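Peer 1: Quick one: this structure, given as structure tokens, is what I'll be asking you about.
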Amino acid sequence: MIHATETAVSPYFNAIRSALGGLETFFSGPQPADALLGQSALHMLPYLDRLRNSFACWQNRIDFTGQFRIARAESGFPVFQNVLELENDRAGSAQRLAAIPAADALKQDMVDFILRQRAFPSALQQQIAERLYLERVSAGEIFSPLVLPTTVGVAVNPKSRRPSYLVSWAAFDGTSTLPMIYLATVEDSSENVGRILVTEEGRLNAEVEIPLPVGGLLNPDLARAFDDFCGKNSSYSLTPATIATNMDRDFEMLHPKSLGRVVLGPFYSAGITENTGRVNDILSRVRKPENAWVMTWTVQEVFSKREQPAVKGFFSSTPASQEFHIETHDLEAARMGVSAYEKHALVPHDAYQALYAAGETKAVFENFKVHVISGDQIVSEV
């Protein structure tokens, strides 16, 4: 645990703020043609906003709790208890805010206390800090243990003539202390949805207005069950292939064609994290502390290579099922349970120079696609 006075952890918050800004720059830019996420990378941005809001709330929370816990030797992200506390505080924020005077009144009380007592009103300062924190946590969207699914794209598969949804959701894994974002392409063979969304020519019905993004799965009959599914099938210990197979099994009318997972982290920050001692030693020599970090992430994807059609018999029937491709020729892909994967690292220019000067870039970034950021510019594959 870090006993987190603002002074003690401000370098960490400055670094993670810089790293999240760098990730936003990266995912906002054009993606390489062979990138796994491709155009779907833009759907990462709302979740980065949630992370940024969560870190801003945690920084406010320190002012009146005085402690903050980071998985220093593993992911470099806050431990799961911090995530749960943020969620609980958001749920009870209205009641707690009602019991705390308005900020202006508290500030006037502080002035009066200083003038009368000639001392600093620590208790009043903590009340102001708590009020500002609760206002922030109730107003902004945070990165919850589970961020419920959202339909971010709709199309029609011209071959199957089924509506196809691009659905995203996110989870913060309590065991690995890693935030994860999911993107799934799912076809829907429900007759009621097909009649509404698909024209006789097998195209998306332009007369149906779909105000994307839509909270939940677009099919209202399956939306609640899909939320429950994501709550039970989003842990880091489950491979993408397992999650996609479970989805295919649990929903007769939903046909997952691909499932991608972006695992953010580990995050390395000089003087705070201890996940790789040698890297942290070198990062500690970077002149500007806000540039003494490395953010890594892994993109995983599993896709269906074919669909076994449904078999309908007089006494029994078998629903359509997917055959997912696992790249068994790559041991790491087979271990992850994916068709393909990419490992990325985002590094400030100052930090990359320090690692390069120490002759550590090859050892540190082996098997990674490296992206060096300087200001708003990113140079990839250095």
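Peer 1: If the requirement is being at pLDDT 95 or above, surrounded by fewer than 16 Cβ atoms within 10 Å (Cβ to Cβ) and touching a Pro at 6+ places or on another chain (Cβ under 8 Å), which of these qualifies: ALA225, ALA155, ALA184, ALA170?
Peer 2: On the way: ALA225 fails: touching a Pro at 6+ places or on another chain (Cβ under 8 Å); ALA184 fails: surrounded by fewer than 16 Cβ atoms within 10 Å (Cβ to Cβ); ALA170 fails: surrounded by fewer than 16 Cβ atoms within 10 Å (Cβ to Cβ).
Going through ALA225, ALA155, ALA184, ALA170 in turn, just one is at pLDDT 95 or above, surrounded by fewer than 16 Cβ atoms within 10 Å (Cβ to Cβ) and touching a Pro at 6+ places or on another chain (Cβ under 8 Å): ALA155.
Peer 1: Is it true that VAL152 is without any contact (Cβ under 8 Å) to a residue 60 or more places away in the chain, among the β-branched types (Val, Ile, Thr) and part of a strand (DSSP E or B)?
Peer 2: Spelling it out, it is not the case that VAL152 is without any contact (Cβ under 8 Å) to a residue 60 or more places away in the chain, among the β-branched types (Val, Ile, Thr) and part of a strand (DSSP E or B).
Peer 1: Kindly list, by first and then second residue, each pair from a residue in region 65-84 that is among the acidic types (Asp, Glu) to a residue that is surrounded by 17 or more Cβ atoms within 10 Å (Cβ to Cβ), limited to pairs with Cβ atoms under 8 Å and residues at least 6 apart or on different chains.
Peer 2: Close Cβ pairs (under 8 Å, with a partner that is surrounded by 17 or more Cβ atoms within 10 Å (Cβ to Cβ)) amount to GLU74/SER176; GLU74/THR177; GLU74/PRO266; GLU74/ASN275.
The rows are residues; the columns are (1) aliphatic (A, V, I, L, M); (2) farther than 21 Å from VAL263 by Cα; (3) surrounded by fewer than 16 Cβ atoms within 10 Å (Cβ to Cβ).
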residue	(1), (2), (3)
VAL311	yes, yes, yes
ALA320	yes, yes, no
TYR341	no, no, no
TYR352	no, yes, no
ALA357	yes, yes, yes
GLU366	no, no, yes
GLN377	no, yes, yes
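Peer 1: Might you let me know whether region 32-40 holds any residue that is part of a helix (DSSP H, G or I) and touching a residue at least 24 places away in the same chain (Cβ under 8 Å)?
Peer 2: Yes, region 32-40 contains a residue that is part of a helix (DSSP H, G or I) and touching a residue at least 24 places away in the same chain (Cβ under 8 Å).
Peer 1: In this structure, does VAL302 turn out to be assigned to a strand (DSSP E or B), touching a residue at least 24 places away in the same chain (Cβ under 8 Å), of a type in the set (A, V, I, L, M) and not assigned by TED's automatic domain parsing to the domain that holds THR25?
Peer 2: Values: assigned to a strand (DSSP E or B): yes; touching a residue at least 24 places away in the same chain (Cβ under 8 Å): yes; of a type in the set (A, V, I, L, M): yes; not assigned by TED's automatic domain parsing to the domain that holds THR25: yes.
Yes; evaluated as a whole, the condition is true for this residue.
Peer 1: Consider GLU141 carefully, then state whether it is of a type in the set (Asp, Glu) and over 24 Å from LEU20 (Cα atoms).
Peer 2: It is false that GLU141 is of a type in the set (Asp, Glu) and over 24 Å from LEU20 (Cα atoms).
The values are calculated or read from the model by the stated rules, or taken from the named source; none is laboratory data. Everything numeric here is computed off the predicted structure, so don't read it as measured data. Heads up, the Cβs are rebuilt from the backbone with ideal geometry, glycines too, and the neighbour counts pull from every protein chain shown.
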